[in-house]
Amino acid sequence: MNNLIQVYKEHCKTNSLEQNNLQVDLLNELTRFKKELKFNLFIKILNLIRNSHSNSCFYIHGTVGVGKTLIMDLFYNHINETKKKRIHFHEFMIVTHDTLHKIRSTNASNEDNFFLIRSYAKDIKKDFDLICFDEFQVTNIADAMILGKLFLELFNLGVKIIITSNDKPQNLYKDGLQRELFLPFIELINNKSQVFNLNIDKDYREQTTGQEKVFFHPLTIENIEFISQLYRKLINGEAAKDLETEVKKRPFIIKRFANHIARFNFNELCGVALGAEDYLELIKHVNTLFLENVPSFTDENVDKQERFITLIDILYDNNIELVMSSEKRLNDFTSSRRLEAKFKRTCSRLNEMKSHEYKGRNQ
């Protein structure tokens, strides 16, 4: 039996998860992809004779809660002989923009962006032969313009890439500004990737059990008092105070901080001009976040909803516990039209985050 399949079956048994044939098919395909990580001269010559090529990328897409991240992580943890990195796509793009800025500022000869990206790709290749991107999505033109050149350079250098995404390649950056400039990247992904549709008509995150009261609705005086009692219990007598940190030379305040716990009103985190960099700074200090007064989302507050989606992605990916109060219960959350598809994933993650299984992931 495929060793990776055995690992998968043991994981399902240990965690009382349902085995799925499509997930097994995906693991078999990833096992074949794994062989290409040991790409050598003999295989290269053989492929030239056969007029064939190996895939540089494995692209997994599917709806929310079908196990994309689970399968990628099982695969990633099963690889020991390869220089590898697993990173959330939000975090990777922050690092990318920061690194390109540093290269540009120290570049005396003032070469163009293509030179800078090539230099960055070579630095990546020194450290990694495989990069796994979780929750791949493109939301702005700055990222869109970088990705095509960067991935082309990484592929040319022999770096293999695995991607999980809610969107199939042709739907990336859909309706985005100047999307025509992004189309060559989509063509590159389609040409260089094995694309697997993990299309399972079930959200496994909704199968979790043992849920306890950590999400509160509606916004009543009674629920506010319940949250305050829980907050006092968890900070365990420590004096709460605002903790001032710094993100790119600007202040970022972690509100009501004590015992690695922070307590924010929704508008303090998602109603102001904050983003992934700020939320990544937040999780360096906290293991539990209280987020109160989450509103209904419509086209009128789409900017706040987008920040909320980013925040939940980062909390989820880093196993940060969440206590939340909102206008509506989770299953009744509404969305702006533009973010409706992305918000389904957020609600799915929130469903898992209130379960005992999520709380035990770090144990």
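Using the structure shown, decide if S165 is of a type in the set (G, A, S) and surrounded by 15 or more Cβ atoms within 10 Å (Cβ to Cβ). Taking the combined requirement at face value, the residue satisfies it. In the range 310-321, is there at least one residue being of a type in the set (S, T, N, Q) and more than 12 Å from T346 (Cβ to Cβ)? Yes; the residues of the range 310-321 include at least one that is of a type in the set (S, T, N, Q) and more than 12 Å from T346 (Cβ to Cβ).
Where residues in the range 104-127 are surrounded by fewer than 16 Cβ atoms within 10 Å (Cβ to Cβ) and of a type in the set (A, V, I, L, M, F, W, C), which of them is modelled with the lowest pLDDT? Top of the filtered list is A108. The residue that is modelled with the highest pLDDT, among those in the range 35-81 that are β-branched (V, I, T) and either in a loop (DSSP other than H, G, I, E, B) or under 20 Å from I131 (Cα atoms) (or both), is I60.
Mind counting the residues in the range 236-272 that are in a loop (DSSP other than H, G, I, E, B) and either of a type in the set (G, A, S) or outside the structural domain of V286 (by TED's automatic domain parsing) (or both)?
4
Of the residues T208, T245, the single one that is in contact with a His (Cβ under 9 Å, 6 or more places away or on another chain), at pLDDT 90 or above and surrounded by 14 or more Cβ atoms within 10 Å (Cβ to Cβ) is T245. Looking for something within 27 Å of T310 (Cα to Cα), surrounded by 18 or more Cβ atoms within 10 Å (Cβ to Cβ) and touching a Gly at 6+ places or on another chain (Cβ under 8 Å) - is there at least one such residue anywhere in the range 131-138? Checking the range 131-138: at least one residue is within 27 Å of T310 (Cα to Cα), surrounded by 18 or more Cβ atoms within 10 Å (Cβ to Cβ) and touching a Gly at 6+ places or on another chain (Cβ under 8 Å).
The values are calculated or read from the model by the stated rules, or taken from the named source; none is laboratory data. Remember, it's a predicted structure, so these values are computed and weren't measured experimentally. We place every Cβ from the backbone using ideal geometry, glycine too, and count neighbours over all the protein chains shown.
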